[in-house]
């Protein structure tokens, strides 16, 4: 039976459905409605009232659409990620606020801005709001990606596949990834907002504070800093979710640490990243018996790079050593 009300009803049900199932659903609904009208009216021609009664019995177009919806993930972040999402979001937001407030204190001490006190408060309040918006967006999008892409970050599949209880050495204490997330965010905020924090104070007639890094170069590399920090946060989130060293933690750590090392090399091997004025003053200040300090400060970017690379290699090595079963599985796979 063809009727304008029926066609409008079917269109309302199917308009947001994938093209590959839209025609099948339309034909099925028409057949169902015809059967219901035949049962109600028999051989008598159905009236507009009869059609309205049948369509009302079927339910609203939204209800019928939900019945045919094969995707049961009709929320942004659901089980089992939501509780962890709330915890991570709280940690990231608190760390963001702390990092921005810390950077505000630092800049007031070493380089007071040429503005009134209430202008400074307004500026840093704006930065806190912007930082929280970014933090919320990043964590929410990350967990939504995990949820909707069915990224499994749990070894437990069934009773036949239960992992052994971790020993003390394989357990990841909850405070460790939390502290890691906090330090990464503080690192990012300090480098983005007050990179001049790393410097030396010259006790001269002007009492000048000289930054180690070239401020302009550091701020121009903001995208690399954000990517480096985002990767580190993802690694720590996986550790927090898993709570133990396993294959997921090991593979995540290895991949993230390798990419992070490459980013660190690209960032710190830029010859313009060190402030030339800092090098000139270091050569004057540290002479004679202080050659080690002179050498370390003159090559600070390489010392800093070495520290980062060592920390990342140690992180990967720890994950590999503490997951012997995962290593064996990985070697067989390769």
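The values are calculated or read from the model by the stated rules, or taken from the named source; none is laboratory data. Just so it is clear, the model here is predicted, and its values are computed rather than measured. Reconstructed Cβ throughout: ideal geometry from the backbone, glycine too, with neighbour counts over all protein chains shown.
Check residue 272 against each of (1) modelled with pLDDT of 85 or more; (2) surrounded by 17 or more Cβ atoms within 10 Å (Cβ to Cβ); (3) closer than 18 Å to residue 219 by Cα and name the one condition it does not meet.
Among (1) modelled with pLDDT of 85 or more; (2) surrounded by 17 or more Cβ atoms within 10 Å (Cβ to Cβ); (3) closer than 18 Å to residue 219 by Cα, residue 272 violates only (2).
Among the residues of segment 69-104, write down those that are at pLDDT below 80, in a helix (DSSP H, G or I) and either at positive phi or surrounded by fewer than 16 Cβ atoms within 10 Å (Cβ to Cβ) (or both).
83
Is it the case that segment 20-41 has a residue that's surrounded by 15 or more Cβ atoms within 10 Å (Cβ to Cβ) and not in a helix (DSSP H, G or I)?
no
Scan segment 95-123 and report the pairs whose first residue is within 10 Å of residue 189 (Cα to Cα) and whose second residue is assigned to a loop (DSSP other than H, G, I, E, B) and at pLDDT 70 or above, with Cβ atoms within less than 6 Å and a gap of 6+ or a chain change.
Pairs found: 103/194.
Kindly indicate whether any position in segment 204-215 is at pLDDT 85 or above, surrounded by 13 or more Cβ atoms within 10 Å (Cβ to Cβ) and under 19 Å from residue 250 (Cα atoms).
Checked segment 204-215: no residue is at pLDDT 85 or above, surrounded by 13 or more Cβ atoms within 10 Å (Cβ to Cβ) and under 19 Å from residue 250 (Cα atoms).
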